[in-house]
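Following: one structure in structure tokens, then a few remarks.
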Amino acid sequence: MPSRPQAPLSAGAALLAGALLTTACSPDAPTDDTGEEAAALQGSTASPSDAPSPSPEDTDPLTIAFGGDVMFEGLLESRLNDPSTAMGPVASQLSAADLAMVNLETAVTEGGTPAPNKQYVFRAPATALEALDAAGVDVASVANNHGMDYGEAGLADTLANGAASPVALVGAGNDADEAYAPHIAEVNGQTVALFGATDVLDDHLIGAWTAGEGKPGLASVKGESRERMLAAVAEAAAEVDNVVVFLHWGLEGSHCPIGHAPTLAEELIDAGAAAVVGGHAHVLSPGGFVGDSYVHYGLGNFVFYNFNGPTAESGVLTLTLDDGRVTESDWAPARIQGGVPVPYEGAAAEQAHQTWVGLRDQCGLPLSDSPA
């Protein structure tokens with residue numbers, strides 16, 4: 001099993017303000033909160049270009065495993081009594097990759113004040129990060145419509161808990177520079193920048209929750225924030241070998257992406273992203289290659305209290321990246337049992353995989369199994 005992240009090597013400077021460099025292991029967005037859902041950066045300040053540049057013969061491809069929405073409300077709370085086993089059997093798939101990333105759909109706090117006029121608010125204690133770490137998760141995006149469920153105080157706790165954890169949090173910060181900064185890791189002689197951003201925020205919370213100059217909040221691709229995110233991706237692509245964007249996007253209950261999502265994915269790819277993945281719909285959406293980049297429109301629930309029917313379908317996406325290209329992909333389907341994803345086996349796994357592939361035609365998306 002690959003080793004876990006070591007001490008930070010560097011954090012971004014001018015172009016990638018606040019980014020953490022570590023040696024690593026292992027149609028319009030909905031604006032209501034009607035569904036059942038749920039950055040701290042550390043290290044010395046230096047430019048990623050200050051790190052030694054390995055020669056091509058010293059590099060190898062790297063793998064990143066992705067899981068969908070994670071929270072620890074309801075029946076999930078008791079799983080945190082033992083963080084070492086809280087994520088269940090899927091931990092072995094996450095740990096097998098060089099890096100693993102999920103969407104952490106909750107504030108990591110035991111304080112704060114619930115957001116106003118919001119039907120569902122989620123929070124979890126710091127042991128949630130221990131559970132992610134024990135399962136092999138290296139990076140978690142908190143840029144989603146639950147990241148500030150307990151206000152600025154809850155966000156401050158989330159960032160502080162992230163700073164004390166081996167799990168790097170992206171998509172939020174004490175200001176816009178931090179929120180729009182990626183986590184940067186060095187794996188197999190290659191560098192990779194991992195961003196988090198949300199395309200889903202309640203209308204009445206957009207202003208309060210979006211990070212600004214000197215203002216804590218989340219990274220967003222809504223409105224004028226979209227250009228900031230595209231610029232951040234382009235800046236990272238000029239500095240590192242591989243760029244990945246984890247988006248909170250889609251329409252709850254819909255397998256097919258929202259109307260503007262393919263265009264947004266194309267813009268991010270044009271800016272330099274090798275992969276654009278994410279979720280929010282609580283059901284699986286299609287994924288596949290667009291040229292030599294990869295787009296997954298919805299990873300579904302992952303560690304979540306929904307486990308009946310389509311909301312129980314889950315899985316792990318593992319991508320192989322090499323010098324700015326995605327060269328291979330693997331979708332390992334799972335079904336949520338007792339709040340955690342349990343991988344399918346044998347004929348059941350093959351059937352679940354074919355059902356997921358069929359979503360491409362169902363949604364009319366030109367996605368393929370292999371890079372162009």
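Can you confirm whether residue 250 is within 23 Å of residue 341 (Cβ to Cβ), within 18 Å of the chain's Cα centre (by Cα) and part of a strand (DSSP E or B)?
Considered against the rule, which asks whether it is within 23 Å of residue 341 (Cβ to Cβ), within 18 Å of the chain's Cα centre (by Cα) and part of a strand (DSSP E or B), residue 250 comes out as no.
Out of everything in segment 174-184 that is in a helix (DSSP H, G or I) and aliphatic (A, V, I, L, M), what residue ends up being surrounded by the fewest Cβ atoms within 10 Å (Cβ to Cβ)?
Looking at the filtered set, the residue picked out is 176.
At pLDDT 95 or above and part of a loop (DSSP other than H, G, I, E, B): is that true of residue 133 in this structure?
no
Yes/no matrix, rows are residues, columns are (1) more than 25 Å from residue 71 (Cβ to Cβ); (2) touching a Phe, Trp or Tyr at 6+ places or on another chain (Cβ under 6 Å); (3) not aromatic (Phe, Trp, Tyr):
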| residue | (1), (2), (3) |
| --- | --- |
| 301 | no, no, yes |
| 308 | no, no, yes |
| 312 | no, no, yes |
| 317 | no, yes, yes |
| 349 | yes, no, yes |
| 357 | yes, no, yes |
| 364 | yes, no, yes |
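Taking residue 106 and the conditions (1) at pLDDT 50 or above; (2) surrounded by 15 or more Cβ atoms within 10 Å (Cβ to Cβ); (3) more than 24 Å from residue 316 (Cβ to Cβ), which numbered condition does it fall short on, given that it satisfies the others?
(3)
Six or more apart or on different chains, Cβ atoms under 9 Å: show the pairs whose first residue is in segment 70-84 and closer than 23 Å to residue 298 by Cβ and whose second is in a helix (DSSP H, G or I) and of a type in the set (Ser, Thr, Tyr).
72/127
Does any residue in segment 339-366 that is on the phi > 0 side of the Ramachandran plot and small (Gly, Ala, Ser) come within less than 7 Å, Cβ to Cβ, of a residue that is in a helix (DSSP H, G or I) and surrounded by 13 or more Cβ atoms within 10 Å (Cβ to Cβ) six or more places away or on a different chain, and which pairs are these?
339/76; 339/79
Scan segment 35-42 and give yes if some residue there is modelled with pLDDT under 50 and in contact with a Pro (Cβ under 8 Å, 6 or more places away or on another chain), otherwise no.
Yes; the residues of segment 35-42 include at least one that is modelled with pLDDT under 50 and in contact with a Pro (Cβ under 8 Å, 6 or more places away or on another chain).
Where residues in segment 191-215 are in contact with a helix residue (DSSP H, G or I) (Cβ under 7 Å, 6 or more places away or on another chain) and over 23 Å from residue 276 (Cβ atoms), which of them is surrounded by the fewest Cβ atoms within 10 Å (Cβ to Cβ)?
Looking at residues that are in contact with a helix residue (DSSP H, G or I) (Cβ under 7 Å, 6 or more places away or on another chain) and over 23 Å from residue 276 (Cβ atoms), I get 213.
Report whether or not residue 214 is of a type in the set (Gly, Ala, Ser) and in contact with a Lys or Arg (Cβ under 9 Å, 6 or more places away or on another chain).
no
Any idea which residue in segment 43-80 is surrounded by the fewest Cβ atoms within 10 Å (Cβ to Cβ), counting only those that are at pLDDT below 95, aliphatic (A, V, I, L, M) and closer than 22 Å to residue 284 by Cβ?
Ranking the qualifying residues of segment 43-80, first place goes to 75.
Can you tell me which residue among 303, 283, 295 is out of contact with any Cys (no Cβ under 7 Å at 6 or more places or on another chain), more than 21 Å from residue 337 (Cβ to Cβ) and hydrophobic (A, V, I, L, M, F, W, C)?
Working: 303 fails: more than 21 Å from residue 337 (Cβ to Cβ); 283 fails: more than 21 Å from residue 337 (Cβ to Cβ).
Answer to the check: 295.
For segment 74-94, what are the residues that are among the hydrophobic types (A, V, I, L, M, F, W, C) and more than 10 Å from residue 127 (Cβ to Cβ)?
Scanning segment 74-94 gives 75, 76, 87, 90, 91, 94.
Residue 296 - would you say it is within 21 Å of residue 316 (Cα to Cα) and of a type outside the set (Val, Ile, Thr)?
Taking the combined requirement at face value, the residue satisfies it.
Give segment 272-315 a look and list any residue that's of a type in the set (Asp, Glu) and farther than 22 Å from residue 89 by Cβ, or say none.
Correct list: 292 only.
Quickly run through segment 313-344 and pick out the residues that are surrounded by fewer than 18 Cβ atoms within 10 Å (Cβ to Cβ) and either over 19 Å from residue 98 (Cα atoms) or of a type in the set (A, V, I, L, M) (or both).
335, 337, 338, 342
Do we have residue 324 as at pLDDT 95 or above and farther than 22 Å from residue 221 by Cβ here?
Here the answer is no, as residue 324 does not meet what is asked.
Quick grid of which residues meet (1) farther than 30 Å from residue 313 by Cα; (2) surrounded by fewer than 19 Cβ atoms within 10 Å (Cβ to Cβ):
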| position | (1), (2) |
| --- | --- |
| 158 | no, no |
| 186 | yes, no |
| 189 | yes, yes |
| 220 | no, no |
| 227 | yes, yes |
| 240 | yes, no |
| 247 | no, no |
| 256 | no, no |
| 260 | no, yes |
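Search segment 126-156 for residues being among the hydroxyl-bearing types (Ser, Thr, Tyr) and crowded, with 24+ Cβ neighbours inside 10 Å, and hand back the single one that is farthest from residue 100 (Cα to Cα). I'd like the intermediate steps shown before the answer.
As a first pass, look at segment 126-156 and keep what is among the hydroxyl-bearing types (Ser, Thr, Tyr): 127, 141, 150.
Pick out the ones that are also crowded, with 24+ Cβ neighbours inside 10 Å and you get 141, 150.
On the way: 141: 11, 150: 26 Å.
Residue satisfying both the conditions and the ranking: 150.
Given the residues 281, 347, which is the only one that is hydrophobic (A, V, I, L, M, F, W, C), outside any strand (DSSP E or B) and touching an Asp or Glu at 6+ places or on another chain (Cβ under 6 Å)? Break it down stepwise before answering.
On the way: 347 fails: touching an Asp or Glu at 6+ places or on another chain (Cβ under 6 Å).
Residue meeting the stated conditions: 281.
One line per residue, one yes/no per condition, for (1) in contact with a Gly (Cβ under 8 Å, 6 or more places away or on another chain); (2) in a helix (DSSP H, G or I); (3) not aromatic (Phe, Trp, Tyr):
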{"site": "232", "(1), (2), (3)": "no, yes, yes"}
{"site": "246", "(1), (2), (3)": "yes, no, no"}
{"site": "255", "(1), (2), (3)": "yes, no, yes"}
{"site": "267", "(1), (2), (3)": "no, yes, yes"}
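The values are calculated or read from the model by the stated rules, or taken from the named source; none is laboratory data. What you see is a predicted model, and the numbers here were worked out from it, not measured in a lab. Counting neighbours? That spans all protein chains shown, and the Cβs are built from the backbone with ideal geometry, glycine included.
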